[in-house]
Amino acid sequence: MGDSESLPRAHRYQMPDVMFGYVELGGEAFVSCRVPEGVQAVLAPLSGIAELEVDAEQFGLTRNRAVVLGGSVDSSMRASADCRMLVLQFRHPALETFLSRRLTEGALGDPLRFERLMDIRGHAASWFRAWLFLIQELDTPGSILEDPRHARRAEFLIMDTLLDVQPHNYAEVLTESSEVSVAGQAWADPRWATFPRYLREAVEIIERNPEDDHKTKTLAARVSISPRMLQIAFKEYLGTTPGKFHRDVRLERVREALLEASAGNATVDRIARSFGFNHYGYFGGVYREKYGESPRRALRMNPGVETIPQQRTGVADRSERQAKP
């Protein structure tokens with residue numbers, strides 16, 4: 001399923017909505033673990049075996065069997081001495097938002113619930129190989145994933161395909177066509193290559209410099225089209241207006257900056273202003289509407305591999321690991 005031997009001994013990579021982790025327990029172990037609130041986690045052994053008990057259910061995890069756990073679930077795990085495990089964590093609200101955009105009816109009626117046992121064969125094997133590839137790329141200096149735009153694309157890919165390969169309570173009503181019409185995902189639309197030249201250029205101008213004041217009139221002039229034609233193209237192909245698209249790109253960049261920043265070294269207001277939000281009241285309202293939480297909460301987040309106790313895994317950020325001799 002991929003060259004797992006090329007993976008580093010332990011690491012953690014945090015994106016805005018997805019955390020990639022790799023751990024070794026260092027010996028036979030029995031541990032209690034709890035998935036954080038609002039998080040969906042996937043545990044997949046690369047070698048060895050693990051026996052997991054969740055809500056009186058028992059799962060034997062091997063190289064072809066993984067488990068999907070929802071937030072606030074207590075579990076216990078017994079792992080063999082040679083157990084090496086991948087840990088993938090998703091922000092559950094982000095998965096539900098992504099799912100709702102693909103459903104014909106839009107908003108979800110019930111919370112998204114995955115089946116716990118994952119058979120890593122068939123289409124799921126393709127998803128797992130993509131997971132391995134992304135970890136290897138994240139660990140490679142000079143990787144294209146160092147560009148936030150490409151990293152975000154990778155994040156969307158791993159979320160989108162998980163919804164297709166793992167059974168869940170919306171699987172039967174999930175349509176095959178994704179409705180990709182929001183900021184940061186225009187490139188993912190299968191029609192992107194057929195978009196009018198001026199629309200692609202306008203999207204790229206906004207995404208390159210979201211902090212600039214991109215009025216529809218000036219944006220249209222830069223791509224040599226009338227404002228009216230540009231508005232029609234945004235509505236037809238992206239389902240939104242140039243102004244709303246620009247606002248959503250700004251919000252996405254602010255969120256990425258908040259999740260990457262330290263609460264002791266940055267403020268929400270300073271980050272918001274750096275991306276063109278000069279009125280904090282307006283910014284706070286649209287941010288809560290889009291992400292369902294306050295921007296201050298995102299700044300306070302300190303993601304970690306909480307499904308496996310850190311003292312037993314040696315989990316470290318890449319920056320910490322590279323600093324070691």
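Things to note:
- Looking across segment 97-112, the residues that are free of Cβ contacts under 8 Å to residues at least 40 places away in the same chain and either aliphatic (A, V, I, L, M) or surrounded by 17 or more Cβ atoms within 10 Å (Cβ to Cβ) (or both) come down to T97, A107.
- Test result for L134, of a type in the set (A, V, I, L, M, F, W, C) and either touching a Cys at 6+ places or on another chain (Cβ under 7 Å) or not in a helix (DSSP H, G or I) (or both): no
- Of all the listed residues (L103, L108, L112), the sole one being closer than 19 Å to L43 by Cβ and outside the structural domain of E204 (by TED's automatic domain parsing) is L112.
- Flag for M77 being within 26 Å of R297 (Cβ to Cβ) and either modelled with pLDDT of 90 or more or aliphatic (A, V, I, L, M) (or both): no
- Residue within segment 265-282 that is at pLDDT below 75 and outside the structural domain of D139 (by TED's automatic domain parsing) present: yes
- Residues that are within 25 Å of M15 (Cα to Cα) and of a type in the set (S, T, N, Q) within segment 36-84 comprise Q40, S72, listed in sequence order.
- Whichever residue in segment 133-176 is among the polar types (S, T, N, Q) and within 18 Å of L108 (Cβ to Cβ) and, among such residues, is modelled with the lowest pLDDT: T175
- Scanning segment 138-148 for residues that are surrounded by 14 or more Cβ atoms within 10 Å (Cβ to Cβ) and outside any helix (DSSP H, G or I) yields D139, S143.
- L88 being in a strand (DSSP E or B), at pLDDT 85 or above, buried (at least 21 other Cβ atoms within 10 Å of the Cβ) and assigned by TED's automatic domain parsing to the domain that holds E115: yes
- Residue satisfying all of: in segment 35-54; assigned to a strand (DSSP E or B) and more than 20 Å from the chain's Cα centre (by Cα); nearest to A79 (Cα to Cα) among these: A50
- Selected residue (criterion: nearest to E204 (Cα to Cα)) from residues of segment 125-137 that are crowded, with 19+ Cβ neighbours inside 10 Å and of a type in the set (A, V, I, L, M): L134
- Selection within segment 55-94 - of a type in the set (A, V, I, L, M, F, W, C) and more than 25 Å from the chain's Cα centre (by Cα): A56, F59, M77, A79, A81, C83
The values are calculated or read from the model by the stated rules, or taken from the named source; none is laboratory data. What you see is a predicted model, and the numbers here were worked out from it, not measured in a lab. Cβ atoms come from the backbone with ideal geometry, glycine included; neighbour counts cover every protein chain shown.
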